[in-house]
1. Might you let me know whether the stretch 23-46 holds any residue that is free of Cβ contacts under 8 Å to residues at least 24 places away in the same chain, on the phi < 0 side of the Ramachandran plot, in a loop (DSSP other than H, G, I, E, B) and hydrophobic (A, V, I, L, M, F, W, C)?
2. For the stretch 49-71, which residues satisfy the criterion of being open to solvent by less than 20 Å² (accessible area, probe 1.4 Å), of a type outside the set (Gly, Ala, Ser) and touching a Leu at 6+ places or on another chain (Cβ under 9 Å)?
3. Which of the residues spanning the stretch 72-93 are touching a Leu at 6+ places or on another chain (Cβ under 7 Å) and in a loop (DSSP other than H, G, I, E, B)?
4. With the checklist (1) among the β-branched types (Val, Ile, Thr); (2) closer than 18 Å to Asn143 by Cα; (3) open to solvent by less than 50 Å² (accessible area, probe 1.4 Å) in hand, flag the one item Ile76 doesn't pass.
5. Evaluate the following for Pro116: is it more than 16 Å from Asn59 (Cα to Cα), at pLDDT 70 or above and not aromatic (Phe, Trp, Tyr)?
6. Exactly one of (1) open to solvent by 30 Å² or more (accessible area, probe 1.4 Å); (2) under 30 Å from Ser140 (Cα atoms) is unmet by Pro21. Its number?
Amino acid sequence: GHAYAQYSLGNGYMLGIGGLPQDQAKATQLFVAAAQKGLADAQEAAAVSYELGRGTSRNRAQAIYWLDQAAKQGDIYSAGFAKILRNPNTPAFHNDNEVENFVESVFQYCWHDRFPERRPDLESPGYHVWQSLAPNWRDSYCN
């Protein structure tokens, strides 16, 4: 009944490590049990299981619910991930790599790449020219 033990055992079943058979349904059950006890890592793992349909049926609403629970505890990644899943432009994901790559791409763009860059080659005292950025498919995620 210890949350972190349930989460760790869930990872064992998800990945088939430590002599455990791979069992996605058992992993998701353990993630949810630990998530219900308030473990943010388990809440995120449960969210990914629901988003991917890993050991359960796909359920984006449940994924968002668990991400929101982790976000309430200050997990910034989960808050951003929930915002991404709420966006109607977000596609269905097929595996962990797709989720990670998409989320990281949006985070990178919204928090870094979206800001204009200085054009030092055009600067003069008291005057700065900024390079404007063309519209990007990620813009709808940054507001």
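1. The answer is no; no qualifying residue exists.
2. Listed by number, the residues that qualify are Glu51, Leu67.
3. The answer is Phe93, and nothing else.
4. Ile76 satisfies every listed condition except (3).
5. When the stated conditions are applied, Pro116 does not pass them.
6. The number of the failed condition is (2).
The values are calculated or read from the model by the stated rules, or taken from the named source; none is laboratory data. Computed from a predicted structure; not experimentally measured. Glycine also receives a Cβ, built like all others from the backbone with ideal geometry; neighbour counts cover every protein chain displayed. SASA here: full protein model, heavy atoms, side chains in, ligands and nucleic acids out. Shrake-Rupley method; radii C 1.70, N 1.55, O 1.52, S 1.80 Å.
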